[in-house]
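Below is one structure, written out as C-alpha cells, with a few remarks after it.
The values are calculated or read from the model by the stated rules, or taken from the named source; none is laboratory data. For clarity, every value in this text was computed on a predicted model and none was experimentally measured. In this analysis, Cβ positions are derived from the backbone assuming ideal geometry, glycine residues included, and neighbour counts consider all displayed protein chains.
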Amino acid sequence: MSSSLLMFLGFVAVTLWITWWAARRSTGSNAYFAAGRSLTAWQNGIAVAGDYMSAASFLGIAGIIAFQGYDGFMYSVGWLVAYLTVLLVVAEPLRNSGKYTMADVLAYRLRARPVRAMGALSTLTVSTFYMIAQMVGAGALVSLLLKDTGITYSTAVIGIGILMIVYVVFGGMLATTWVQIIKAILLLSGTVLLSILVLRHFGFSLSRFFEAITMVTYHDAAGNLVTQNFLTPGLRYKPPYGALDLISLGMALIFGTAGLPHILVRFYTVPDARTARGSVVWAMIIIGTFYILTTFLGFGAATIIGRDYIAKSGGTNMSAPLLAQSIGGDLFFAFISAIAFATILAVVAGLTISASTSFAHDFWSNVIHHGREQRPGEEVLVARVTAFVVGAVSITLAILLGPTANVAFLVALAFAVAASANLPAIVLSLFWPRFTTRGAVAGLATGLLSSLVLILLSPSIMKANAIFPLENPGIISIPLGFLGAIAGTLLGREPSAEAGFPELTVRANTGLGAE
C-alpha cells in the first residue's frame with residue numbers, strides 16, 4: 001500500500017474518531033450548531049484559520065503564482081487583508097447580536113420571515129460556490145495520488161463528499177471544529193517545511209531565489225519557449241481591463257470575508273465577544289504567516305519544476321504537491337498531499353454545517369414554522385437532512401466542472417457573492433437606524449442576482465463571447481448590493497425597526513442579553 005494512501009487513511013481514521021467523540025456530546029441545538037459555545041479564543045482562532053485556509057489557498061493560489069507570478073500573489077494579499085474587515089466591523093457585533101446564523105442579526109430588529117428566507121438563500125448560494133471549489137481540488141488531488149489504484153476523479157469527489165457528510169451529520173460543529181484545528185496545524189507545519197526546502201534549494205539565499213523568479217522559462221500557448229520575469233505585473237491582469245479586474249478581485253476578497261457564512265458562524269461557538277475578538281487575532285497570525293509563505297510555494301514551483309511540467313502532470317492545482325515531490329521525495333509528496341486532503345475535508349465540513357444550519361434554523365424553524373417551538377430534535381434533524389442534500393448537489397456540480405477548473409478562481413467568485421449580498425445587509429443593519437426589512441431583502445436580492453448574472457456573462461463562463469469583460473463581478477455587484485439596500489430602505493419607513501436600533505446597538509457593543 002502506498003505511503004500516500006496510508007497517510008490518507010490515517011487522517012480519515014483520526015477524524016472519524018473525533019466525529020464519534022463529538023457525536024456523544026452534540027445533543028441539542030446549541031451543542032450541534034454552536035459547539036455549546038464552549039471554545040476558547042485559541043481553539044476558535046485556529047479553527048477559523050482552518051476554515052479560511054482552504055484548497056483555494058493551498059492548491060489554487062500556489063498554482064496561480066506558479067503560472068502567472070506577481071498577479072497570482074495578489075490573491076494572497078487580498079485574502080490576508082480581508083481579516084481586518086472581520087476584526088473591525090463584524091466579529092463582536094455578530095457574536096453579541098446573533099445565535100446561530102448571519103440572519104439572526106438581521107432578524108433582531110427587522111421582520112424575521114423575509115430576511116431569514118433571503119439570508120438562507122444567500123448562504124446556500126455562497127456555500128455551494130465555495131464547496132464546489134473544494135470538491136474540484138479534492139477530486140484532482142486524490143485521483144492524481146491514487147491513480148495506480150484505478151480511482152478516478154469522479155470516484156474521488158464522491159468519496160470526499162461522503163466523508164464530509166459523515167462529519168457534519170454525526171459530529172456537528174464540535175467535530176467540524178476539531179477537524180479544522182488539526183488541519184490548520186498540519187497545513188501550517190507542512191507549508192513552513194516546504195518553504196524551508198525551497199529556500200534550501202537556493203542555498204537559503206533570498207537574492208538567488210528572487211533572481212530565479214525573474215528568469216522563469218516555459219512554453220507559451222503557441223509553443224514558443226519564452227523567458228519571463230515573474231515579478232512583473234500583467235501576466236494575468238492584462239490591458240484593457242486588467243487593472244479593473246484586479247480591483248474587482250480585491251474588493252470581493254476584502255469585503256467578502258465579512259459575509260462568508262462558514263466564517264461568520266464560527267463566532268457563535270465562543271462564550272462572549274471578547275473571546276470572539278481574540279479568535280480573530282489568533283486567526284490573523286496564523287493566516288498571515290501562511291499567506292506570506294505562499295510566495296515560496298508558488299514561485300518555488302515555477303522556478304524549480306516549471307510551468308511545463310506542472311501543466312502536463314496534473315494542472316495548476318497540483319503545483320504545491322508536485323513541488324513537494326520534486327524537492328522532498330515521494331514520502332514528503334504523500335505528506336503534503338495528505339495535508340491538502342485534510343484541508344479540503346475540514347473546509348467542506350465547515351461549509352456544509354453553515355449551509356445546513358442556515359436552512360434548518362432560518363428557513364425551516366423561522367420561515368416555515370414562524371419561530372414556534374417544534375418537536376425536540378427536529379431542527380437538528382432538518383440540518384442533518386440538508387447536509388445530505390447540499391453534499392449531493394456539490395458532488396454533482398464538481399463532477400460536471402471537472403478537475404481542470406482553478407479552485408482559487410472559483411472561491412473568488414464565492415467571495416464576490418458574499419460581499420455583494422451579505423455584507424451590505426449586515427453592515428447597514430448594524431449601523432444605520434433607518435434601515436428596513438424592505439431594504440435588507442432588496443440588498444440581499446440585488447447583490448445575489450447581480451453577482452450571479454455578471455458571473456454568467458463573464459469570460460469565466462462565456463469565454464471569448466463574454467458580454468461582461470471582467471472575471472470577477474465585485475466592482476459592479478458590491479455597489480449594486482449597497483444601492484439596492486439603500487433604495488429599498490428609502491421607499492418607506494419602518495418604525496418598529498427604528499425603535500429596535502438602540503437596543504441592538506447596546507447589545508452589539510456590550511453583549512448585554514447575549515446568549
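Between a residue in segment 107-118 that is touching a residue at least 40 places away in the same chain (Cβ under 8 Å) and any residue that is crowded, with 21+ Cβ neighbours inside 10 Å and among the aromatic types (Phe, Trp, Tyr), which pairs come within a Cβ distance under 7 Å, given they are 6 or more apart or on different chains?
What qualifies is Arg116/Phe363; Ala117/Phe363.
Can you say whether Asn44 is buried (at least 24 other Cβ atoms within 10 Å of the Cβ), in a helix (DSSP H, G or I) and not β-branched (Val, Ile, Thr), as far as the supplied structure shows?
In short, yes.
Among the residues of segment 167-193, count how many are surrounded by fewer than 20 Cβ atoms within 10 Å (Cβ to Cβ) and over 27 Å from Tyr291 (Cα atoms).
1
Which residues, counting only those in segment 268-283, are of a type in the set (A, V, I, L, M, F, W, C) and surrounded by fewer than 19 Cβ atoms within 10 Å (Cβ to Cβ)?
Residue satisfying the conditions is Val281 alone.
Show me the helices (runs of 4 or more DSSP H) entirely contained within segment 102-182 in which 1 or more residues are closer than 30 Å to Trp432 by Cα.
Working: elements: 102-106, 112-145, 153-166.
Counting at least 1 such residues, we get 102-106, 112-145.
Which residues, counting only those in segment 481-495, are exposed (fewer than 14 other Cβ atoms within 10 Å of the Cβ) and charged (D, E, K, R)?
Of everything in segment 481-495, just one residue is exposed (fewer than 14 other Cβ atoms within 10 Å of the Cβ) and charged (D, E, K, R), namely Arg493.
Within segment 472-479, identify whether any single residue is out of contact with any Leu (no Cβ under 9 Å at 6 or more places or on another chain) and free of Cβ contacts under 8 Å to residues at least 60 places away in the same chain, and answer yes or no.
yes
Let's see how each residue does on (1) aromatic (Phe, Trp, Tyr); (2) assigned to a helix (DSSP H, G or I); (3) in contact with a Lys or Arg (Cβ under 8 Å, 6 or more places away or on another chain):
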{"site": "Val427", "(1), (2), (3)": "no, yes, no"}
{"site": "Phe435", "(1), (2), (3)": "yes, no, no"}
{"site": "Arg438", "(1), (2), (3)": "no, yes, no"}
{"site": "Thr446", "(1), (2), (3)": "no, yes, no"}
{"site": "Ser450", "(1), (2), (3)": "no, yes, no"}
{"site": "Ile478", "(1), (2), (3)": "no, yes, no"}
{"site": "Thr489", "(1), (2), (3)": "no, yes, yes"}
{"site": "Gly492", "(1), (2), (3)": "no, no, yes"}
{"site": "Val506", "(1), (2), (3)": "no, yes, no"}
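For Ala360, which of the numbered conditions (1) at pLDDT 90 or above; (2) within 30 Å of Glu211 (Cα to Cα) fails to hold?
(2)
Check Ile368, Ile467, Ile426 and return the single one that is buried (at least 24 other Cβ atoms within 10 Å of the Cβ) and out of contact with any Phe, Trp or Tyr (no Cβ under 9 Å at 6 or more places or on another chain).
Ile426
What are the residues in segment 284-314 that are within 21 Å of Tyr153 (Cβ to Cβ) and buried (at least 19 other Cβ atoms within 10 Å of the Cβ), if any?
At the first step, the residues of segment 284-314 found to be within 21 Å of Tyr153 (Cβ to Cβ) are 309-314.
Those that are within 21 Å of Tyr153 (Cβ to Cβ) and buried (at least 19 other Cβ atoms within 10 Å of the Cβ): Ile310, Gly314.
Of the residues that make up segment 288-302, is at least one at pLDDT 90 or above, farther than 30 Å from Ala120 by Cβ, not basic (Lys, Arg) and not in a helix (DSSP H, G or I)?
no
Given the conditions (1) of a type outside the set (Val, Ile, Thr); (2) on the phi > 0 side of the Ramachandran plot; (3) surrounded by 20 or more Cβ atoms within 10 Å (Cβ to Cβ), and given that Ala414 satisfies all but one, which numbered condition is not satisfied?
Going through the list (1) of a type outside the set (Val, Ile, Thr); (2) on the phi > 0 side of the Ramachandran plot; (3) surrounded by 20 or more Cβ atoms within 10 Å (Cβ to Cβ), Ala414 breaks only (2).
What are the pairs, 6+ residues apart or on separate chains, where a residue within segment 487-515 that is at positive phi has its Cβ under 7 Å from a residue that is of a type in the set (Asp, Glu) and surrounded by 14 or more Cβ atoms within 10 Å (Cβ to Cβ)?
Pairs that qualify, where the first residue is at positive phi and the partner is of a type in the set (Asp, Glu) and surrounded by 14 or more Cβ atoms within 10 Å (Cβ to Cβ), are Gly511/Asp272.
Test each condition in (1) modelled with pLDDT under 95; (2) closer than 24 Å to Val115 by Cα; (3) in contact with a Pro (Cβ under 9 Å, 6 or more places away or on another chain) for Ser420 and report the one that comes out false.
The number of the failed condition is (1).
Kindly establish whether Thr227 is more than 22 Å from Gly288 (Cβ to Cβ) and in contact with a strand residue (DSSP E or B) (Cβ under 8 Å, 6 or more places away or on another chain).
When the stated conditions are applied, Thr227 passes them.
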